[in-house]
Structures are given as structure tokens and as C-alpha cells.
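Below: the structure, in C-alpha cells.
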Amino acid sequence: MQDLAGKVDSHCNLSVVVGLKRDTKVTAKFAGDARWQPRSVSSWSGAKVGISMAVSRQYKSKKAWGQTYYYFHKTRNPLFTTKMPYYGGRAQRFDFQVYYQGKWYADTSKYFALATSGVSQVEFTGNHKGDVGWRFRVRSDYIDGSSGDTVNSTTYGAWKYFTFTS
């Protein structure tokens, strides 16, 4: 618990800056004075997780279909490296989708543990001969309560788009 002090302006507004890294309940307590009774007010604020994902092993990336796509040869397994703040037992959810006839379809969501460094690596393995020409996207998420802890609010990472070529 951290005690902070602030000044009240002439309009009775209290302003205090609180740096949040976790979901936090903030309580303002007024001790009272000759005119007003003591009072306290609480507010809850959710803190999202910073999530980044790097794509590697592609032979090129370029803008296509309105997004940046990573291109992989069918003989190469993509590697997705996620980084987010570590907390004991925390895992990232890895979402995988495929594009078919004008719509994205959810294919797989699976949890992968984070190392104490906050890093998780997922390799998309297999024979990608049948994946040539298909469009895929992946992202990493923190799901409050399902990612191993309840420290932060649910946060969705940015989609990364990729495809395979001959």
C-alpha cells in the first residue's frame, strides 16, 4: 500500500498522479475540518499489460491486403517471440486464425508459460506445403484469471499477419 498526498484546488478537486502497473484500488480520504465531516471515496482502475511480439525466420515482409505480412518459405517454421511483464505462474495466450472466403476464423488458442524474463517463444511447426497461399494471423494476449494470475486487466496484443510461399 502506498500513501500519496495531494492538494485540493479552489473547485474542491484533488489531483494525484499514480503510476499503475497492476490493477489498483485508489482510496481518497478526507480527514474532515470545521465545516465538513470526514469522508473517503474509492475508485478501481485496471492496468493493462504491455505486450510485444516479434516475428522471425521470414524471408521478407511487405504491405499486402492492408496489413504488413511476413512471408515464409514452406520449408521454414515461423518463430513468434512474445514479451510481457513477468509475474509468478503467468502465461500468454497465443491466438491463431486463418483467413477463408473473406472472413477470419479462429483456429487455435493455447497458453504458453512465460520465462522469468517475461519471454515466451512459439514455433509454428509442421509441413507447410499445404499452407502455401493461405493467410494467417497470430497475437499474444493476457487474459485476467486465465493467464495464471489476476494482477492486470485483460489485454490483447496486436495481430501479426503471415503467409507461406513455394
- Query: Which aspartates and glutamates, on any chain, are close to Lys29 with Cα under 13 Å apart, when same-chain ones fewer than 8 places away are left out?
  - Reply: Asp3
- Under the classification rounded if a/c is under 1.5, otherwise prolate if a/b is larger than b/c and oblate if not, where does segment 41-111 fall, given a ≥ b ≥ c as square roots of the Cα gyration tensor eigenvalues? prolate
- antiparallel share of DSSP beta bridges within the chain, to nearest 5, in %, is 90 percent
- Query: Normalised by the residues of the chain, what does the relative contact order come to in percent, with Cα pairs under 8 Å and at least six apart?
  - Reply: 23 percent
- Query: What residue among Asn13, Asn127, Asn77 shows peak mean-square fluctuation when the chain is described by a Gaussian network model with Cα springs under 10 Å?
  - Reply: Asn13
- Message: Cβ neighbours within 10 Å, averaged per peptide: list 4-11, 150-157, 62-69 in order, most packed at the top.
- Response: 150-157, 62-69, 4-11
- Pick from Ser61, Ser140, Ser43: which residue has the top mean-square fluctuation in a GNM of the chain where Cα pairs under 10 Å get a spring? Ser43
- Rounded to the nearest 10 Å², the accessible area of Ser45 using a 1.4 Å probe with every protein chain kept is 40 Å²
- Out of Arg139, Arg35, Arg57, a Gaussian network model of the chain with alpha-carbon springs under 10 Å gives the largest mean-square fluctuation to Arg35
- Cut-off under 5 Å, modelled amide H: who pairs with Tyr111 long-range: Phe94
- Decide, for segment 17-166, between rounded, prolate and oblate: order the square roots of the alpha carbon gyration tensor eigenvalues as a ≥ b ≥ c, take rounded if a/c falls under 1.5, and otherwise choose prolate if a/b is larger than b/c, else oblate. prolate
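The values are calculated or read from the model by the stated rules, or taken from the named source; none is laboratory data. Here the structure is a predicted model, which is why all the values come from computation and not from measurement. Cβ atoms come from the backbone with ideal geometry, glycine included; neighbour counts cover every protein chain shown. With ligands, DNA and RNA removed, areas are computed over all heavy atoms of the protein, side chains included. Shrake-Rupley method; radii C 1.70, N 1.55, O 1.52, S 1.80 Å.
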